[in-house]
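Data first, discussion second: the structure below is written as structure tokens.
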């Protein structure tokens, strides 16, 4: 079958779970024992060309609900023309968010919206692979008018119009060639969260913080919010380990109400925190604005749990955040993240994406690199989070050197997971879980 | 087994779908052809006492994802003490919204949160049945301090504290006896949406509008937002049918951006609309505030898609709404709706619940009646939506007479659906769907 007539023949889904809770990797004030997981999908095609891969990151229980949500989108995808999808991923994105019956389950939020994001991201993986380019390059080289066509401006027009988006993207491309050379030479700045998980001992925190600086990172991040005395002690240890020249971000993972967020953040001021991340509910635009007014000069950052472009719009309109932390797999995929990047550019707020989890580093690097090359044009005060686990499961894992993400060169969105990983960690029938469940089910 | 040792033995779930799209019942500008559905659950117990029933309302596709979400909560419920649950439904509510792994799928929004609401509401149904009281009465007679204990104040304390809640509930009870007599005598005011579905002809609209006034309703509601010329014609017909003394609400079901909402609403001003409902995205607090500033004296109403108490809080803080339309099955159940009712009382905004769908009238009447008896103490500018379909599937259907909901007298939350309905409309194996699918699968 020729490339022009190829169709999507199947949406294969897998419930992948990694037993991370056993090492307290990823532990924070709200998520004491996550089992990092992915609701993973493969777009199969009728030809021999590359397939598309995508996923939603979750932290364990309920991953099967996320898989069910991806499954319910299948009817929109199977039978579509591969060439048509690659030429216009937005056509599918609009159909998915516009399904009038499915929309009731959101709209555009939570499980269903993350499922849309997983499918849409898989289409971009497919499109980039078939174009023979890493996604950052495909996006950076794309015609600005085509990028604008990929965005749904519904509910955005009071803050961003298609005309403004086109102007931002047209202006953003100037000097892209020089920046591409810089990106390929130096990579994109990263910061690391690896030292700061709440479940780690002070000794481990100190050791990893020292190592992070030695590895070339200029910012580290600590989880806070469970106990103030602990936080004071841990921030003191971290600051002592890294010295005054390194940025120290703190992350409360939504633990606080407004007044408590202000009080607690100010109590940590002596350690010169660079930003306070997720001080309260990701839904609380006005709360973030109040917190920002109360904790300056500490910056306010949020985004990993922000459900869609409409809440990002308001966070920017209300002057509620200094740093926008988009997530590659929380919203409706690349198309919606293009809107979020444009909103941030319009309001002049730097984007420092959320990463970690399963494969989030792999995905977001493409979005930040596109932003640098063809939109914001700057890496000033911009960094991608880096967490050093689970990369080994990806065919095209991120490479971080001297505190920078190397630009991926392999075609696609870096989303593909090894078949051996699927066979091992698929829940509950992969070899790891089958053995684990057999063990726990044994009579005493 | 005695009542004190009874346990929850099972959470039975059913995917119920009604083929409403074939009559265009429920059609609006965003939902052209809904198949009204319910992800329905039964809490089975180890004794012979009453069981608990609850559900999430959806409009068709994806109802199986909603069922999967309820299924994933099962482990939190099975094995619990019935007496313990009935004495403190909040203990389960807190465990469900606090499950750190499941929380990632929201937090507190969308499919997972609606599942929490369904389970929590089933517990209240169980509790009310076992107390031998309709839920409105159980709530109205409850100790204010106990009601406060049922609320999660996280993310609310900048707008409502437990102390303020206790004061509102304590004051709210004054004169409850007299109001109970009034409620039992007159019922609770209703308005009707039955004439105004977008798919209805002008003739049907006019006929049903005239009938609504004859039936004692003092407010009707029309769907708008698809086409302005149509809306002008339909509003003219409706106003002509009901005369100047009847309130005419209009509902755009999220169709517009901010500027368009203001323009369109003002274009309908000649027909004296009482409120504009869901003018834009339910997530857009600042957008609603801008619209409200632009359409006065028309009131702004929203809530049926407002995901949780945190967004309601902000709508009130921002002065974005005149009318709060809580929904019984969108948020985390009775416990969260107690918080929403208290927020509305604190800010002095009347609550006019969203209803219709499957069983939403049956549920919300209990909340409004409680609000009247023991919190706001008033029915002024307060009405419950009424739509006259699908009530026949409930064991304790609402009774609306002379434009008022009669107070239910049967113990429980009026949530229970007939077994024959389950056998008929369970998807895809109920008798209706099995026959329907067999028909459509027949070769031509």
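Let me know the shape class of the range B:66-208, please: from the alpha-carbon gyration tensor, a ≥ b ≥ c as square roots of the eigenvalues, rounded when a/c is under 1.5, otherwise prolate if a/b is greater than b/c, or oblate. Oblate shape, in that a/c is at least 1.5 and b/c is the bigger or equal ratio.
Going by the alpha-carbon gyration tensor, a ≥ b ≥ c the square roots of its eigenvalues, is the range A:246-353 rounded (a/c under 1.5) or, if a/c is not under 1.5, prolate (a/b greater than b/c) versus oblate? Since a/c reaches 1.5 and a/b is larger than b/c, the shape of the range A:246-353 is classed as prolate.
With the simple model of a label 7 Å out from the Cα in the direction of the Cβ, residue A:170 to residue B:207 spans 5.6 nm.
Per residue, the average separation of C-alpha pairs within less than 8 Å and at least 6 apart gives chain A a relative contact order of 19 percent. Taking a ≥ b ≥ c as the square roots of the eigenvalues of the alpha-carbon gyration tensor, the range A:166-217 is classed oblate because a/c is 1.5 or more while a/b is no larger than b/c.
Within 10 Å of the Cβ of each residue in A:234-240, the mean number of Cβ atoms contributed by other protein chains is 0.
How much mean residue ellipticity at 222 nm does chain A get from its helices, if each DSSP H run of length 4 or more adds -39500 (n - 2.57) and you divide by all residues, to the nearest 500 deg cm²/dmol?
Details: 18 runs with 191 residues, N = 444.
Helix contribution divided over all residues of chain A: -13000 deg cm²/dmol.
Expressed as a rounded percentage, what relative contact order does the range A:4-79 have, with Cα pairs under 8 Å and six or more residues apart? Relative contact order, the range A:4-79: 36 percent. For residue A:95, inter-copy separations between label points set 7 Å beyond Cα along the Cβ vector come to 4.3 nm, shortest first.
For residue A:48, inter-copy separations between label points set 7 Å beyond Cα along the Cβ vector come to 7.2 nm, shortest first. Extending 7 Å from Cα along the Cβ direction at residue B:399 and again at residue B:149 yields two label points whose distance is 3.5 nm.
What percent antiparallel are the DSSP beta bridges of the range B:1-104, to the nearest 5? Numbers along the way, then the final one.
Numbers: 17 of 17 bridges.
About 100 percent, rounded to the nearest 5.
Label-point spacing at residue B:395 relative to the other copies reads 5.5 nm, in ascending order, each point sitting 7 Å out from Cα along Cα→Cβ.
Shielding by partners for peptide B:68-74, expressed as the average number of C-beta atoms from other protein chains within 10 Å of each residue's C-beta, is 5. Within the range B:199-290, DSSP assigns beta bridges of which about 0% are antiparallel (rounded to the nearest 5).
Over the range A:3-133, what relative contact order in percent results from Cα pairs under 8 Å that are six or more residues apart? It would help to have the intermediate numbers written out before the result.
Details: 248 pairs, mean separation 39.1, N = 131.
Rounded, it is 30 percent for the range A:3-133.
With both partners inside chain A, how many of the DSSP beta bridges are antiparallel, as a percent to the nearest 5? Of those bridges, close to 55 percent are antiparallel.
Distance distribution P(r), the protein assembly as shown, all Cα-Cα pairs, bin width 10 angstrom from 0: 2, 12, 22, 26, 20, 12, 4, 1, 0 percent. Measuring from the axis that maps chain A onto chain B, the chain A residue with the nearest beta carbon and its rounded distance in angstrom come out as A:110, 1.
For the range A:3-133, the fraction of C-alpha pairs farther apart than 20 angstrom is 47 percent. Counting every C-alpha pair in the range A:336-402, the share spaced more than 20 angstrom apart comes to 29%. Dimensions of chain A based on its C-alpha atoms, expressed as ranges along the principal axes with the largest first, amount to 66, 64, 45 Å.
Values in this text are rule-based calculations from the coordinates and carry no lab data. This structure is a prediction, so every number in the text was calculated from the model and none was measured. Cβ atoms come from the backbone with ideal geometry, glycine included; neighbour counts cover every protein chain shown.
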